[in-house]
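The structure appears below as C-alpha cells.
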Amino acid sequence: MTFMSVVSVICAVLLGLTGLVCMSRIVRGPTMLDRTVASDVFVAATVGALAVWAAVRKDTNILPILVSLSFVAFMGSVAIARYTKPEAPGPENQSEVD
Amino acid sequence: MNKTRFLAIITLTILWLLLWADVTRILVAGGLIVATLIVFLFPFPALNLAPVVRPLRLIALVAVFLWDMFLASLQVAWLAIRPQRLPSAALIEVPLITGSDMLQVLTAELICLVPGSLLIELDSEGKRMWLHVMNVSSPQSLAEARKMAHDQEYRVLAALGSQDEYDQALARREAAQA
Amino acid sequence: MSNLTDIVAGAFLIAGASFALVAAIGVARFPDLLNRMHAGTKPQTFGLLLILTGLAIRLDSWRAGLLIAILIVFQMLTAPVSAHMVGRAAFRAGLVNRDELYVCEAPDEEPPAEGHTV
C-alpha cells in the first residue's frame with residue numbers, strides 16, 4: 001500500500017464515522033434547527049471526503065463540486081433558519097422517526 | 001456608477017475567472033456581463049468600506065485569528081470528547097465601539113470562530129451585540145469572555161477602523177488593563 | 001514510496017478529518033442547541049480548512065491553490081453567518097432554556113427591525 005492510500009483509508013474511516021454520528025443527531029433532532037446544524041456538519045464531512053478523494057487521485061476536476069456543495073450547504077441552513085417560525089417551535093419539536 | 005459598485009464588479013469578475021480556472025477573452029467578457037447584471041439587479045445598500053487599512057495590524061489580526069481558531073477547535077474538541085458533562089454557558093451583552101456595518105460584521109464573524117463564543121443578536125444602531133459563550137461557570141470566566149470580545153474588536157479596529165475608533169478601542173483596552 | 005510533501009499533505013488530511021469527527025461528536029453529545037452550534041462551527045470550519053490545505057499541498061498547482069483559497073475564505077465567511085442565523089432563530093423561537101445559563105442578558109423581546117435584515 002502506498003502512503004496516500006493509507007491516508008485515504010484513515011480519512012475514510014474518520015469521515016464515515018463523522019457522517020454516522022451526524023446522522024444520529026439528525027434522527028434524534030429534537031428541533032429542525034438541531035437537524036440543520038447536524039446536516040451542516042454532514043455536508044462539511046462530504047466536502048472533506050471529496051477533498052480527500054481529490055488529494056489521493058490528484059484530481060482537480062472535483063474542485064468545482066466542492067465549491068458548489070459548500071454554497072448549497074450555506075444556502076440550506078440560512079433558508080431553514082430564516083423560515084423557522086419565531087412564535088412556536090412547531091410539531092417538529094417532538095422527535096419523530098419515520 | 002460609484003466606486004463600490006465598480007470594485008464589486010471587478011471582484012466578481014476575478015472570482016468568475018478563478019472558478020473557471022482560465023483566462024480567455026470570452027470568459028472575461030462573460031464575467032463582466034454576469035458581474036454587472038448581479039450588481040445592478042441585486043443592489044445592496046451602500047457599504048462604507050474600511051476608511052483606513054493598517055497592513056501590519058491586519059496581518060496581526062489574521063495571524064491571531066487563525067491561532068485563536070485553532071485553540072477554539074481544540075477547546076470544543078476537548079469539551080466534546082471528555083467524559084464529564086458540559087459546563088454551563090452564558091448569554092452576555094457586549095457593547096461595541098464601531099458603528100460601521102462592515103466592521104461590526106467583521107468583528108461578529110471573527111468572534112463566532114474564536115474560543116467559546118457565538119453571535120446571537122447584533123443591534124447595529126445601538127452598537128451592542130449578544131453572545132452565547134460556552135463553558136462559563138464563574139465570574140472570572142465571564143470577565144474573560146467579555147475581555148475576549150473586546151480584544152477582538154480592538155484588533156479589528158486597529159487593522160481597519162478609523163483613527164477615532166481605534167483611539168477609543170485603545171483607551172478601553174488600557175482602562176481594562178489598569 | 002512517498003516524498004515529504006505527501007507526508008505533510010497526508011498529515012493535514014488526517015488532522016482535518018479528525019476535527020470533523022470531533023465536531024460531529026460535539027453536535028451529537030452536547031445537551032442543547034446553542035452548545036451544539038459551537039461544535040458545528042469551530043472544529044468543523046477548522047477541520048475543513050486543514051483538509052483543503054492538505055489538498056492544496058498535494059495538488060501543488062497555483063490554479064487549484066487559488067480556487068481552494070476562495071473555498072477556504074468562503075467557508076470562514078459563511079460558517080459564522082449560518083451559525084448566527086440558526087442561533088438567532090433558536091433564540092427567537094424560544095428554544096433556549098434560560099434557566100440553564102450561568103448569566104442571561106437577553107436582548108429585548110422585540111428587537112428593532114433595523115439592522116436585523118437577513
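Rule-based calculations on the coordinates, nothing more; no lab input. Here the structure is a predicted model, which means the values were calculated and not measured. Cβ sites come from the backbone with ideal geometry, for glycine too, and all protein chains shown count toward neighbours.
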Q) In nm, to one decimal, how far is the modelled label at B:Ser137 from the one at B:Arg85, with both set 7 Å along Cα→Cβ? A) 0.9
Q) Modelled label-to-label distance, B:Val62 and B:Ala171, 7 Å Cα→beta-carbon offset: nm? A) 3.2
(Q) Nothing charged except the Cβ atoms of Lys and Arg (+1) and of Asp and Glu (-1): what's the magnitude of the dipole of the range B:1-104 about its Cα centre? Round to the nearest 20 debye. (A) 100
Q.
Please list, in order along the range C:41-52, the HN-Hα scalar couplings obtained from phi with the Karplus expression 6.51 cos²θ - 1.76 cosθ + 1.60 (θ = phi - 60°), rounded to whole Hz, x for Gly and Pro.
A. 9, 6, x, 5, 4, 5, x, 5, 4, 5, 4, 5
**Q.** Degrees between helix B:25-41 axis and first principal axis of chain B (Cα, 0 to 90, nearest 10)
**A.** 60
Q: Using only Cα positions of chain B, each an equal point scatterer, no hydration layer, compute I(q)/I(0) via Debye at q = 0.09, 0.15 Å⁻¹ and quote the log10 values to two decimals.
A: -0.44, -0.96
Q) Once the Cα atoms of helix B:163-177 and of chain B are each reduced to a long axis, what angle between those two axes, in degrees from 0 to 90 to the nearest 10, is obtained? A) 20
Q) Taking H as built 1.01 Å from N, whose amide H comes closer than 5 Å to the amide H of B:Glu121, not counting residues under 5 places away? A) B:Trp130
Q | Most positive-pole-ward Cα, A:Met23, A:Leu66, B:Leu113, against dipole of the protein assembly as shown from beta carbon charges | A | A:Leu66
Q) Considering the dipole of chain B built from charges on the beta carbon (Lys and Arg +1, Asp and Glu -1) around the Cα centre, which of B:Ile38, B:Ile14, B:Leu170 is farthest to its positive end? A) B:Ile14
Q: Could you check the simple spin-label distance between A:Val9 and B:Glu144, using points 7 Å along Cα→Cβ, in nm with one decimal?
A: 4.1
Q: Considering the options B:Ala90, B:Val64, B:Ala77, tell which one lies farthest towards the positive end of the dipole of the range B:55-177, charges being +1 on Lys and Arg and -1 on Asp and Glu at the Cβ, about the Cα centre.
A: B:Ala77
(Q) Kirkwood Rh and Cα-based Rg: tell me the resulting Rg over Rh for the protein assembly as shown, rounded to two decimals. (A) 0.97
Q | Dipole magnitude of the protein assembly as shown, debye to nearest 20 (Cβ charges: Lys/Arg +1, Asp/Glu -1, about Cα centre) | A | 1020
Q) Once phi is turned into ³J(HN,Hα) by the Karplus curve 6.51 cos²θ - 1.76 cosθ + 1.60 with θ = phi - 60°, what whole-Hz value does each residue of the range B:83-96 show in order, with x for glycine and proline? A) x, 5, 5, 5, x, 5, 10, 9, 10, 10, 9, 10, x, 10
Q.
For chain B, take the longest principal axis of its alpha carbons; what is the angle in degrees between that and the long axis of helix B:139-160, to the nearest 10 within 0 to 90?
A. 30
Q.
Run through the range B:42-140 and list the GluC sites (Glu not before Pro) located in a DSSP loop whose Cβ has at most 13 other Cβ atoms within 10 Å.
A. B:Glu125
Q: Quick one: net charge around B:Thr11, please, counting Lys, Arg +1 and Asp, Glu -1 for every other residue with C-beta under 14 Å from its C-beta.
A: +2
